[in-house]
Amino acid sequence: MLKFNRVNLDPLTETYAVGFYLQYLAKWPEYFMVAESPSGEIMGYIMGKVEGRLPDDWHGHVTALSIAGDYRRLHLAAELMNRLEEVSENKKALFVDLFVRKSNQVALKMYEKLGYVIYRTVLDYYSSPDGDADEDAYDMRKPTSWDKNKTSIITQKTIITSDELH
């Protein structure tokens, strides 16, 4: 049973339909991890997948990372990210990528501390919940040990549209 609804109440957490979560659990169960308190309360979760083309674009992807407000500043997000990176290493992924709202400075700083770099900006990636203008995202990447020359973080185009994502 999916028990992380309370975690998803955070306004910066993207929430998906139940079928979306179930698809990830079925296809990439090793990329879906939950941090649970000793009392059984869900403190946070991460979900992702492995995707791309071999040999030059095979990578791990962070689809969602969310920590409940009561459990922030405990380094849970960093621990969940490390575990997802380990799964990606085991899958021989060249890098791990994620998207983050440009306005989410707390997350941006955390990802930078974890070794992620801004690879490019994706225009209008996030829909605005209030109907105002859409928000741009940073596409951030961190190379794994499989990318010996760190070519996965060298971009050819620093600004793209959502339609240009592959």
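The values are calculated or read from the model by the stated rules, or taken from the named source; none is laboratory data. Owing to the predicted nature of the structure, the values given are computational and were not obtained by experimental measurement. Neighbour counts are summed over all protein chains in view; Cβ atoms, including those assigned to glycine, are modelled from backbone coordinates with ideal geometry.
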Scanning the range 75-110 for residues that are of a type in the set (D, E, K, R) and touching a residue at least 40 places away in the same chain (Cβ under 8 Å) gives Glu79, Arg83, Glu85, Glu89, Lys91, Lys92, Asp97, Arg101
Considering only the range 69-86, how many residues are assigned to a helix (DSSP H, G or I), surrounded by fewer than 18 Cβ atoms within 10 Å (Cβ to Cβ) and charged (D, E, K, R)?
-> 4
Which residue pairs have Cβ atoms under 9 Å apart, sit 6 or more places apart or on different chains, and have a first residue in the range 111-127 that is over 17 Å from Glu85 (Cα atoms) and a second that is of a type in the set (Gly, Ala, Ser) and surrounded by fewer than 19 Cβ atoms within 10 Å (Cβ to Cβ)?
-> Val122/Ser162; Leu123/Ser162; Asp124/Ala133; Asp124/Ser162; Tyr125/Ser162
If you go through the range 97-114, how many residues are of a type in the set (Val, Ile, Thr) and either more than 21 Å from Ala133 (Cβ to Cβ) or in contact with a Lys or Arg (Cβ under 9 Å, 6 or more places away or on another chain) (or both)?
-> 1
Please give the strands (runs of 3 or more DSSP E) falling wholly within the range 1-68 in which 1 or more residues are buried (at least 19 other Cβ atoms within 10 Å of the Cβ) and modelled with pLDDT under 90.
-> 42-51
In this structure, is Asp136 of a type in the set (D, E, K, R), assigned to a loop (DSSP other than H, G, I, E, B) and touching a residue at least 12 places away in the same chain (Cβ under 8 Å)?
-> no
Can you tell me which residue in the range 94-126 is nearest to the chain's Cα centre (by Cα), limited to those that are over 10 Å from Tyr138 (Cβ atoms), assigned to a helix (DSSP H, G or I) and not charged (D, E, K, R)?
-> Met110
